[in-house]
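To keep things clear, I will list the structure first and then write my remarks on it.
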Amino acid sequence: MSTPPTLADWHARAAALQPLKQLLIDGRWQDAADGATLPCVNPASGQTWTSVAAGSGADIDRAVRAARAAFEDRRWAGQAPAARKRVLQRWAELVEAHRDELALLETLNVGKPIRDALAIDVPATARCLRWYGEAIDKLYDEIAPTAEQSLALIRREPVGVVGVVVPWNFPLIMSAWKLGPALAAGNSVVLKPAEQSPLSALKLAALALEAGLPPGVLNVVTGYGHSAGRALGLHEDVDAVGFTGSTEVGKLFLQYAGQSNLKRVWLECGGKTPHIILADCPDLDAAATAAAWGIFFNQGEMCTAGSRLLVDRRIKDQVLERIVAVGRTLAPGDPLDPATQIGAIVSKEQWQRVLDYIDIGRAQGATLALGGAATRGATGGFYIEPTVFDGVNNAMRIAQEEIFGPVLSVLAVDGAEQAVRIANDTMYGLAAAVWTRDLATAHRVSRQLRAGLVWVNCFDADDITTPFGGYRQSGNGRDKSLHAFDKYTELKTIWMRIGD
Ligand code: NAD
């Protein structure tokens, strides 16, 4: 049995890596029309280590034309579902076979620990692609219960050309959640990854070609949001956009649709997840550990991060003590070290933003119970200590605004009713959690919480089989599960008169 790579091995592999750096349009690798590039900065060191093509409006237009041509000649949409299934399954196998390279690209781009990229990001991407491949030849259309002289068929058809725009926190997984159902359903796609994390998307697309996806069906235009992203949102020939990112940019996509062709816009946006621990919590150790991991995992760069801990006043001190104890074991380290559990923040801008929020928390009167500072400064990288604020009230900015970093706000509550009221006092509605021993309380509170996902006596439980998405300003539509097909298909009724 070979020994797993060490820190030195990963650094050697990183130095030898030769990533794909061009746009993929119509099956061909090409530079941006104007030759522009954007730098890739390693968050662990602050150093630029490579660059990638920065596509703009002209490139998006070429990519959309290629996607449209591929859709119209039916080279993919016209294949039997079982044939599309085989391509997606081969693709998933190739993703697994290239696990180390994909994980390395992810870690170098976004600063997440290599152990997470290997154990979570790459396997979840493969599983998602395989799952939608397996699903597509098992979905039947419908026949309506009409009178005898009519036959009404209700068919699902691919929507056409889909624009996919994703963020940097889980570049591969967020892409797969949209590419899986969109491609399985027969659409053509133009993918625009975040400017901070373009490299794994290019490799993922190269593997799709190798798996047998016809040229032009999946195009990738790396580039900036205000340029390539905006052009995709405004394009007159894009039928739907699947977006994951901030609520602010999600709103822009709705505007783009209104200003252009009323394309369908599906949004997975931000969150401010309330994590409720009631006085009858069945296991305080488990709840406190879940609360700590719920905010510190992936450096807090999670749309579902449990950033507001609403804990019953009677047990608050015990819970806080335990969370601080877990937090102390999670000092950030070199993301390429297989022992590292918390890595670097994605970019200097995001790092500064999180530090600014820590200042705001202090200025508004919250008390630091853990962390609160940048760390590992000598590396040049963007690291922040796991941070816990006590004495927070829900009107404070750190309780209302999405920080997207390792910063927990602890709020004391008196009972379930008040906890629910505070939990719902937010513009977001992505996820929520409650810990209680009482079944009736669990049912009542989970019905009252206004969120697309509610966890009871656990946190962040997740599977491709369950829908994922938010209420309110956390977005619309659902990723994952069979419900995701709703975003990328149209329903067509074919009404036939077959008798008098
Ligand atoms: P972001 O909104 O800044 O960027 C997301 C994508 O939009 C990127 O590809 C970016 O290039 C593009 N973009 C940016 N400005 C644009 C513009 N003016 N026009 C068109 N496109 C533009 O988000 P981010 O900082 O990359 O990611 C963090 C956000 O993503 C957080 O708010 C987080 O909650 C959210 N997120 C949500 C989910 C979910 O499923 N609900 C999952 C992960 C992340």
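The values are calculated or read from the model by the stated rules, or taken from the named source; none is laboratory data. Just so it is clear, the model here is predicted, and its values are computed rather than measured. Cβ sites come from the backbone with ideal geometry, for glycine too, and all protein chains shown count toward neighbours. Calculation scope for accessible area: heavy atoms of the full protein, side chains included, ligands and nucleic acids excluded. Shrake-Rupley method; radii C 1.70, N 1.55, O 1.52, S 1.80 Å.
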Could you tell me which of rounded, prolate or oblate describes the chain, using a ≥ b ≥ c as the square roots of the eigenvalues of the alpha-carbon gyration tensor, with rounded for a/c under 1.5 and, failing that, prolate when a/b is larger than b/c and oblate otherwise? oblate
Quick one: what Rg and Dmax do you get for the stretch 132-268 from the alpha carbons, in Å? 16.7, 59
In degrees rounded to 10, the 0-90 angle between helix 199-211 Cα long axis and the longest Cα principal axis of the chain is 40 degrees
Excluding ligands, DNA and RNA, the carbon-plus-sulfur percentage of the accessible area of the chain with a 1.4 Å probe reads 52 percent
Chain lengthening between D31 and L153 when straightened (0.36 nm per residue, less Cα-Cα): 39.4 nm
Highest-first arrangement of 131-137, 179-185, 331-337, 349-355, where packing means the average Cβ count within 10 Å: 179-185, 331-337, 131-137, 349-355
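Under the Kirkwood approximation applied to all pairs of distinct alpha-carbon atoms, what is the hydrodynamic radius of the stretch 274-464 in Å? Intermediate values should be presented prior to the final figure.
Values: mean 1/r = 0.0604 Å⁻¹.
Here the Kirkwood hydrodynamic radius works out to 16.6 Å.
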Charge dipole of the stretch 274-464 built from unit charges on the beta carbon (Lys, Arg +1; Asp, Glu -1), centred at mean Cα; most positive-end Cα among S347, N298, Q318 is Q318
With a 1.4 Å probe and all protein chains left in place, how much accessible area per residue does the chain have, in Å²? 39 Å²
Highest first, please rank the peptides 58-65, 90-97 by the mean number of other Cβ atoms sitting within 10 Å of their residues. 58-65, 90-97
Projecting each Cα onto the charge dipole of the stretch 274-464 (Lys/Arg +1, Asp/Glu -1 at the beta carbon, about the Cα centre), which of A423, A288, A331 comes out farthest on the positive side? A423
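Need one number: convex hull volume per residue for the stretch 439-486, Cα atoms only, in Å³. It would help to have the intermediate numbers written out before the result.
Working: hull volume 4.1 nm³, N = 48.
Expressed per residue, the convex hull around the Cα atoms of the stretch 439-486 is 85 Å³.
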Using only the alpha-carbon atoms, how far is helix 439-448 inclined from the longest principal axis of the chain? Give it as 0 to 90 degrees, nearest 10. 60 degrees
Between the alpha carbon centres of the stretch 420-447 and the stretch 327-347 the gap in Å comes to 31 Å
For the chain, longest principal axis from Cα atoms; helix 284-296 axis from its Cα atoms; angle between them, nearest 10 degrees, is 60 degrees
Show that you can apply the helix-only estimate: for the chain, add -39,500 (n - 2.57) for every DSSP H stretch of four or more residues, divide by all residues, and state [θ] at 222 nm to the nearest 500. -11500 deg cm²/dmol
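Just want to confirm a number: the relative contact order over the chain, from Cα pairs under 8 angstrom separated by 6+ residues, in percent.
Reported as a whole number, the value is 18 percent.
State the antiparallel share, in %, of DSSP beta bridges confined to the chain, rounding to the nearest 5.
Details: 28 of 64 bridges.
Close to 45 percent.
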